[in-house]
Structures are given as structure tokens and as C-alpha cells.
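Asker: Below is one structure. I have some questions about it.
The values are calculated or read from the model by the stated rules, or taken from the named source; none is laboratory data. Bear in mind the structure is a predicted one, so any value in this text is a computation, not a measurement. Neighbour counts are summed over all protein chains in view; Cβ atoms, including those assigned to glycine, are modelled from backbone coordinates with ideal geometry.
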């Protein structure tokens, strides 16, 4: 098993062709902290990122709504993407007499989930997957890509169906009927069986793979 040593993180902001990258491994880099919240639901994942002591010119670049932000974290030689989304709010201020900060709130595919609308009539003989793919097209218009879609069964509807309204709401109904959980993770739409997992090896979380302290079970999930 790979030994995990020396924490690292890389933060990147992008708007058009303008990019700001902060690498925590660089001792000259700016200090930043983050709080990432993921969930398997038709609500956006979120990131709360605070960057300290930016110049006025760089501070102005950070205050860009709908700019892109990505964050990778882990250990040297073994970083992984933990958040990718769009900026929805920035706040500037001072933490002390000498330390200023820019606080950024970002969401993962928030525009797609909040504004993705489906309006399609399907003929008789369609399947649940046909309905899902029509809903996905509403997300695709906002930059979401397609990931893993679980087996939704071979049932064919004897009547046609009209899909109209918010794509996220329609997907919740389909998920309830097919015992699946839809979500968007780092800009990728997926549907996973409630009793299943994504394809690939299971992720092992323990002290040898980098977990610090003990996991805590809460109403909202497990805090690691």
C-alpha cells in the first residue's frame, strides 16, 4: 500500500482565458482553506473556499460570478479532484489588521440543476432510460457530461409520456421507481442503484490511506 506523506492541495480559478492557480506545495503560495460538501442527491454539491492576502488585482479576478473553480487535494504524488464547479458568490474582508481574505462560495452544476428544463413527448414503447436521457439533455446544455447509468430495467411503457418541467424533479420520480440515486459529481451526471456502487474498486478509508481521526456518523451522513 502506498505510504501517504506530505499533504498537498491545488486550487484553480478560471474565467474565459484567465486562470489563477495556487499550489499549496509551493512555500511561496498564498494560504487557503476549504470546506467541501458532497451528497448523492439532486441538489448541488458546494465548496466554501477562503484565500488569504491577495493583491488588489488578483482579488478583483476572484470576484467573478459563474467563473470556474476546481480543487484537488491529497498527498504528494497522489492528489485527486475533490471539487469542480462554478462560483456563485464572493465576499472580501479582513480577518485581522494584517490579513485580508476572499471568501468564495461555489456550487457543482448548480445552474444545470436549478435551470435545466425538459420538454419532450415520448412515444409508447419507451423505457425509463429514455426518460433519463431526455432529462440529461437539459443538464448537458449547461456543461454537464454523462457518467455511469445503472441498469434501469427492461420495462417498456404501453402509453406515451410527456416530460415537462424541471429535469431534476422528473429524475427524482424516476429514481424512486427504479430504486436508484441520481446526482451530479464534479460536473458528471450519474445514476447508481441504492444497493450498488460505481464500477471499479472500493475506496478504502483508514489511517494507512490518509484518514485522520475517526469517522463520525451524523444525520446528514458520515464525516471523515
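Asker: Regarding the stretch 118-140, can at least one residue be identified that is in contact (Cβ under 8 Å) with a residue 40 or more places away in the chain and closer than 30 Å to residue 33 by Cβ?
Answerer: no
Asker: So is residue 79 assigned by TED's automatic domain parsing to the domain that holds residue 14, within 16 Å of the chain's Cα centre (by Cα) and either modelled with pLDDT under 95 or surrounded by fewer than 16 Cβ atoms within 10 Å (Cβ to Cβ) (or both) or not?
Answerer: Taking the combined requirement at face value, the residue does not satisfy it.
Asker: Could you say whether any residue in the stretch 147-163 is out of contact with any strand residue (DSSP E or B) (no Cβ under 8 Å at 6 or more places or on another chain) and more than 22 Å from residue 123 (Cβ to Cβ)?
Answerer: Checking the stretch 147-163: not a single residue is out of contact with any strand residue (DSSP E or B) (no Cβ under 8 Å at 6 or more places or on another chain) and more than 22 Å from residue 123 (Cβ to Cβ).
Asker: If I go through the stretch 193-219 residue by residue, how many of them are touching a residue at least 40 places away in the same chain (Cβ under 8 Å) and either within 25 Å of residue 151 (Cα to Cα) or loosely packed, with under 10 Cβ neighbours inside 10 Å (or both)?
Answerer: The number of residues fulfilling the criteria is 4.
Asker: What strands (runs of 3 or more DSSP E), lying completely within the stretch 100-180, carry at least 2 residues that are farther than 30 Å from residue 68 by Cβ? Talk me through it step by step, then tell me what you get.
Answerer: Numbers: elements: 100-108, 117-122, 145-149, 161-166.
So the answer is 117-122, 161-166.
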